[in-house]
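The values are calculated or read from the model by the stated rules, or taken from the named source; none is laboratory data. Bear in mind that the values here come from a model prediction, so they are computed numbers and not experimental data. Cβ atoms come from the backbone with ideal geometry, glycine included; neighbour counts cover every protein chain shown.
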Amino acid sequence: MPNPTSPSTIHRTDYTPPPFLIDTIELEFELEAERTTVTSKMQLRRNPQAAYCPELQLSGEALQLISLRLDGVACTNRQIDEAGLTVYDVPDAFELTIVNACEPASNTSLMGLYLSNGHFFTQCEAQGFRKITYFLDRPDVMARYTVILRANKAAYPILLSNGNLIEAGDLPNGKHYAKWHDPFAKPSYLFALVAGQLVALEERIITHSGAQKLLQVWVEAHDLDKTHHAMDALIHAIHWDEARFGLELDLERFMIVAVSDFNMGAMENKGLNIFNTKYVLANPQTATDSDYANIEAVVGHEYFHNWTGNRVTCRDWFQLSLKEGLTVFRDQEFSADMAAAGAVNAAAARASQRIENVRILQQVQFAEDAGPMAHPVRPESYVEINNFYTATVYEKGAEVVRMYQTLLGRDGFRQGMDLYFQRHDGQAVSCDDFRQAMAEANQRDLAQFEHWYSQLGTPYVLVRSQYDEAARTYTVTLAQHYKPVLNAPYTASAPLLIPFAIGLVDANGQDLALQLAGEGAPGTATRVLELNQAEQTFRFINVQTQPVPSLLRDFSAPVIVEYDYTDDELIFLLAHDSDPFNRWAAGQRLVTRTLLALARQAERTQLTGNQLNQSIIDAFGRILRDETLTPAFREQVLTLPTEIYLAEQMDQADPAAVHTARQYLRTQLANALSHDWSTIYARHQTPGPYQPTPADMGQRALKNLALSYLSNSKQSAHALHLAQTQYDRADNMSDRSAALAALIHLGGQPAQAALADFYQRFENEPLAIDKWFALQATQQRAEMDLIKLVRTLMHHPAFTLKNPNRVRALIFSFISGNPAQFHATNGSGYALWVEQVLALDTLNPQLAARLARLLERWRKFTPALREQMHEALETVLASVHSKDVREIIDKALI
Ligand code: PHE
Ligand code: ZN
């Protein structure tokens with residue numbers, strides 16, 4: 001039964017065009033922390049494309065209306081409710097002038113206009129603009145903005161908004177103003193303003209057409225030394241988008257501003273990107289290699305939105321993946337090209353990037369797609385749109401875009417992009433429009449491809465193979481199907497078009513030149529088969545000996561491959577596959593299989609002695625020692641799947657058993673290969689000053705993995721010495737935090753001393769203090785009561801629920817990094833979760849909903865845990881306020 005009190009659900013198929021359009025808007029802000037006044041003058045007209053509607057309904061939330069004028073005359077024929085403002089009997093075209101107030105200082109939701117460290121920021125995606133003023137707050141209403149900001153000059157010397165600065169000056173009473181104009185029509189979710197005491201790193205560049213552009217990265221003064229990497233990334237991104245897609249920066253100036261309190265990673269506001277400090281600030285002392293890589297990716301991502309998202313935007317929020325899937329794909333390609341350009345082995349550098357992307361998809365998106373929040377890349381309905389900024393929309397969406405490129409080739413994909421911009425520049429469009437452009441630019445019928453947008457769940461591809469020695473043929477049968485998800489059994493509506501890349505590896509480890517029946521000559525080593533039916537058979541001819549199939553090379557589609565590889569075949573592929581992604585995948589399959597068997601065993605008995613197949617240890621040892629492989633790749637192969645991923649692979653998730661199994665295998669690999677780990681540790685030092693190059697990053701990653709294994713080995717005294725020395729001598733955060741992690745793992749006085757030192761050293765660096773919290777919350781020490789520790793740390797003066805990064809560092813890191821302790825059988829983890837979800841629910845609903853999601857898979861767990869999780873969900877439901885959290889809990893409980 002639908003809950004009659006629950007907020008209404010919005011359905012994709014209910015879309016109707018906006019009854020009115022807004023051509024221009026002039027906004028004036030009197031910025032005051034307690035109460036800011038906003039004056040909005042808009043030119044409106046009836047939309048010829050929409051059904052006639054006598055009244056105008058504007059969205060508005062938490063606003064106070066001060067005055068309303070229609071064509072200059074005070075207007076009383078209006079009504080205000082929680083959703084906004086209705087103006088009755090309006091003419092066909094008119095000017096509306098609204099004066100309203102909002103309260104930035106008391107706004108803890110971090111949506112709309114709010115304060116962070118005393119500076120003003122806005123966040124309008126998806127529906128934050130309505131917390132600033134009354135408006136048609138939907139992405140298909142695109143207006144030209146002129147913005148005047150007025151504020152106290154001493155407190156807020158810098159006043160920024162979208163577009164170009166056209167005027168600035170002083171005003172009486174210590175105030176000043178700035179006037180900005182954005183020449184491009186945009187939806188309200190791309191509006192932004194920033195006001196505060198900030199400084200900028202500046203660069204001037206010349207773009208493709210010869211135009212000069214001003215680039216700025218705005219931060220607080222003490223962070224200016226941490227802006228260079230973001231600036232470099234921005235310049236690279238600008239050049240890359242010109243070279244790869246022919247897309248040029250369209251504004252005279254492009255600004256990035258860092259903010260400490262932010263719900264997400266960053267935001268692509270037109271010409272004024274606002275970033276979580278975590279994705280801007282880096283210097284060698286405070287940022288790790290992953291931070292450097294993430295900054296490059298996110299700076300690229302937001303910049304690329306300028307075309308994919310801003311110039312061409314979304315018709316409605318169901319089309320979110322139109323901009324996000326495409327832009328994630330673009331940032332992935334950018335990172336891969338950057339890594340390849342800076343690497344000795346370009347192909348290996350690309351593969352390592354691909355592995356990282358797929359790892360996240362498999363860990364996060366596959367789980368999402370099998371749980372109560374499962375939804376298609378283009379969702380059918382939502383209660384709160386903020387809950388649909390998901391791994392499915394972003395990561396699976398990026399895989400869907402990548403499949404066009406796999407099917408059409410790089411050039412074909414580029415032609416599709418060109419046609420897309422040619423047709424839709426300046427418009428708000430749908431995923432169908434994108435698919436149509438890809439199809440028509442390549443004269444291909446892509447009707448079947450639509451199912452990737454409408455079908456939820458991860459497809460399985462069952463593979464059967466048969467070698468006919470007499471006929472020298474090898475047949476591969478591919479069958480696509482779904483498995484029912486837990487509380488939403490579903491089936492496929494129709495078969496998907498799946499690009500399935502395959503290679504056949506002969507007994508010497510060489511790729512065969514593939515020839516399908518009916519073809520005159522052998523072709524390439526990798527073949528993209530197009531699976532477009534429920535089941536299809538492909539027959540390869542001239543196959544002299546029985547090969548081992550290398551399936552779904554480079555992860556050519558977001559599916560799960562089911563094939564009965566023997567351990568020996570996986571060991572063989574791990575050693576020989578020419579596709580580096582599949583080499584890694586073979587290793588992961590092998591190790592996952594081993595860990596799941598160990599977990600089942602751990603549920604019954606103690607894991608003691610050596611329970612492992614020596615050939616598996618040998619196979620991993622050979623990878624570790626193989627100097628022809630990049631250190632980055634070796635690190636990826638030797639990194640075990642996370643506990644969350646492993647639990648997900650069980651019929652009934654048993655976090656304790658998974659933890660025991662994983663720790664056991666870690667120790668076995670640590671001890672069996674301890675000599676190699678020591679050698680690796682000694683050999684992969686990076687002499688010279690810190691550089692975030694792919695080569696150095698790979699060396700550090702492998703070296704620090706060695707340190708981590710050594711700290712799990714019998715040689716703990718040796719590990720302690722190495723960790724201590726590395727901690728003391730480190731000239732960069734990757735090495736220092738890895739050493740601290742090892743010291744924490746080894747425990748005792750050295751751990752306490754290092755933690756104290758780290759805190760002192762970085763007391764004034766919030767992002768480093770986040771690491772201090774996270775490293776403690778994710779430690780794997782068996783005898784440590786982490787729930788107790790997390791509670792103690794929540795009372796630390798540096799902890800606050802108001803800062804999302806801090807909450808993620810402590811609470812989210814603990815829950816996802818240490819499932820065995822979170823799922824304690826006494827329910828203490830769930831009690832913590834209930835408290836914090838409810839505490840955040842009123843403070844910051846968006847963050848609360850993300851925390852709420854960490855229990856959505858409760859049905860997947862063993863009965864004893866499941867019951868307690870159910871109770872915890874019911875407890876939250878009983879006192880939840882926000883529709884954000886309610887939607888998550890409602891769906892989890894269906
Ligand atoms: N649109 C942002 C991005 O993907 C993400 C975001 C969504 C940020 C909602 C804030 C609020 O780049
Ligand atoms: Zn994005």
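Data overview
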read-out: Filtered residues of segment 837-886 (kept if within 21 Å of the chain's Cα centre (by Cα) and of a type in the set (D, E, K, R)); value: Arg850, Arg853, Glu856, Arg857, Asp884
read-out: Pair list, Cβ < 9 Å and 6+ apart or interchain, from segment 24-53 residues that are without any contact (Cβ under 8 Å) to a residue 40 or more places away in the chain and within 24 Å of Leu160 (Cα to Cα) to residues that are in a strand (DSSP E or B) and β-branched (Val, Ile, Thr); value: none
read-out: Residue list for segment 259-274, filter: more than 13 Å from ligand 1 (Cβ to nearest atom) and buried (at least 24 other Cβ atoms within 10 Å of the Cβ); value: Gly271, Leu272
read-out: Criterion: assigned to a loop (DSSP other than H, G, I, E, B), within 16 Å of ligand 2 (Cβ to nearest atom) and out of contact with any strand residue (DSSP E or B) (no Cβ under 7 Å at 6 or more places or on another chain) - qualifying residue of Asn283, Asn269; value: Asn269
read-out: Residue in segment 273-280 that is aliphatic (A, V, I, L, M), within 16 Å of ligand 2 (Cβ to nearest atom) and over 18 Å from the mean Cα position of the chain (by Cα) present; value: no
read-out: Test: residue in segment 472-487 that is buried (at least 17 other Cβ atoms within 10 Å of the Cβ), farther than 18 Å from Trp452 by Cα and among the aromatic types (Phe, Trp, Tyr); value: yes
read-out: Residues being among the hydroxyl-bearing types (Ser, Thr, Tyr) and either at pLDDT below 95 or surrounded by fewer than 22 Cβ atoms within 10 Å (Cβ to Cβ) (or both) - total across segment 110-153; value: 2
read-out: Selected residue [touching a residue at least 40 places away in the same chain (Cβ under 8 Å), under 27 Å from Phe334 (Cβ atoms) and surrounded by fewer than 16 Cβ atoms within 10 Å (Cβ to Cβ)] from His239, His222, His208; value: His208
read-out: Residue tally, condition of a type in the set (Asp, Glu) and more than 11 Å from ligand 1 (Cβ to nearest atom), over segment 297-354; value: 3
read-out: Every residue from segment 339-354 that is among the hydrophobic types (A, V, I, L, M, F, W, C) and surrounded by fewer than 22 Cβ atoms within 10 Å (Cβ to Cβ); value: Ala340, Ala341, Ala343, Val344, Ala346, Ala347, Ala348
read-out: Segment 576-598: number of residues that are over 24 Å from the mean Cα position of the chain (by Cα), in contact (Cβ under 8 Å) with a residue 60 or more places away in the chain and closer than 21 Å to Thr628 by Cβ; value: 4
read-out: Subset of segment 877-886 [in a helix (DSSP H, G or I) and surrounded by fewer than 23 Cβ atoms within 10 Å (Cβ to Cβ)]; value: Leu877, Ala878, Ser879, Lys883
read-out: Tabulated pairs, segment 306-326, first touching a residue at least 40 places away in the same chain (Cβ under 8 Å) and among the polar types (S, T, N, Q), second in a loop (DSSP other than H, G, I, E, B) and within 9 Å of ligand 2 (Cβ to nearest atom), C-beta under 9 angstrom, 6+ apart or interchain; value: Asn306/Glu268; Asn310/Glu268
read-out: Ile355 being at pLDDT 95 or above, away from ligand 2 (no atom under 16 Å from the Cβ) and more than 21 Å from Asp140 (Cβ to Cβ); value: yes
read-out: Residue in segment 261-280 that is among the aliphatic types (A, V, I, L, M), in contact (Cβ under 8 Å) with a residue 24 or more places away in the chain and over 30 Å from Ser381 (Cα atoms) present; value: yes
read-out: Only one of Ala892, Ala872, Ala852 that is modelled with pLDDT of 95 or more, farther than 20 Å from Ser828 by Cβ, surrounded by 18 or more Cβ atoms within 10 Å (Cβ to Cβ) and of a type in the set (Gly, Ala, Ser); value: Ala892
read-out: Selected residue [at pLDDT 95 or above, buried (at least 20 other Cβ atoms within 10 Å of the Cβ), out of contact with any His (no Cβ under 8 Å at 6 or more places or on another chain) and of a type outside the set (Phe, Trp, Tyr)] from Leu640, Leu707; value: Leu707
read-out: Qualifying helices (runs of 4 or more DSSP H) (wholly inside segment 554-654; at least 1 residues being farther than 20 Å from Gln668 by Cβ and out of contact with any Cys (no Cβ under 9 Å at 6 or more places or on another chain)); value: 567-576, 580-604, 631-638, 643-648
read-out: Within segment 253-266, tally of residues that are assigned to a loop (DSSP other than H, G, I, E, B) and within 16 Å of ligand 2 (Cβ to nearest atom); value: 4
read-out: Candidates Arg244, Arg253 - the one that is out of contact with any Gly (no Cβ under 9 Å at 6 or more places or on another chain) and more than 15 Å from ligand 1 (Cβ to nearest atom); value: Arg244
read-out: Meets criteria (within 16 Å of ligand 2 (Cβ to nearest atom), of a type outside the set (Ser, Thr, Tyr), at pLDDT 95 or above and closer than 26 Å to Asp554 by Cα) for Arg444; value: no
read-out: Every residue from segment 216-243 that is under 23 Å from the mean Cα position of the chain (by Cα) and under 30 Å from Phe413 (Cβ atoms); value: His229, Ala230, Met231, Asp232, Ala233, Leu234, Ile235, His236, Ala237, Ile238, Trp240, Asp241
read-out: So Arg625, is it at pLDDT 95 or above, surrounded by fewer than 18 Cβ atoms within 10 Å (Cβ to Cβ) and of a type in the set (Lys, Arg); value: yes
read-out: Helices (runs of 4 or more DSSP H) (entirely within segment 711-827) containing at least 1 residues that are over 31 Å from the mean Cα position of the chain (by Cα); value: 716-729, 733-746, 748-761
read-out: Any hit, segment 67-78, residues being within 26 Å of Arg850 (Cβ to Cβ), modelled with pLDDT of 95 or more and not in a loop (DSSP other than H, G, I, E, B); value: no
read-out: When residues of segment 302-334 are limited to those that are more than 9 Å from ligand 2 (Cβ to nearest atom) and of a type in the set (Lys, Arg), the one farthest from Ile256 (Cα to Cα); value: Arg315
read-out: Of the criteria (1) in contact (Cβ under 8 Å) with a residue 40 or more places away in the chain; (2) within 27 Å of Gln533 (Cα to Cα); (3) buried (at least 20 other Cβ atoms within 10 Å of the Cβ); (4) over 24 Å from the mean Cα position of the chain (by Cα), which one Gly416 fails; value: (1)
read-out: Meets criteria (within 16 Å of ligand 1 (Cβ to nearest atom) and closer than 25 Å to Val528 by Cβ) for Val358; value: no
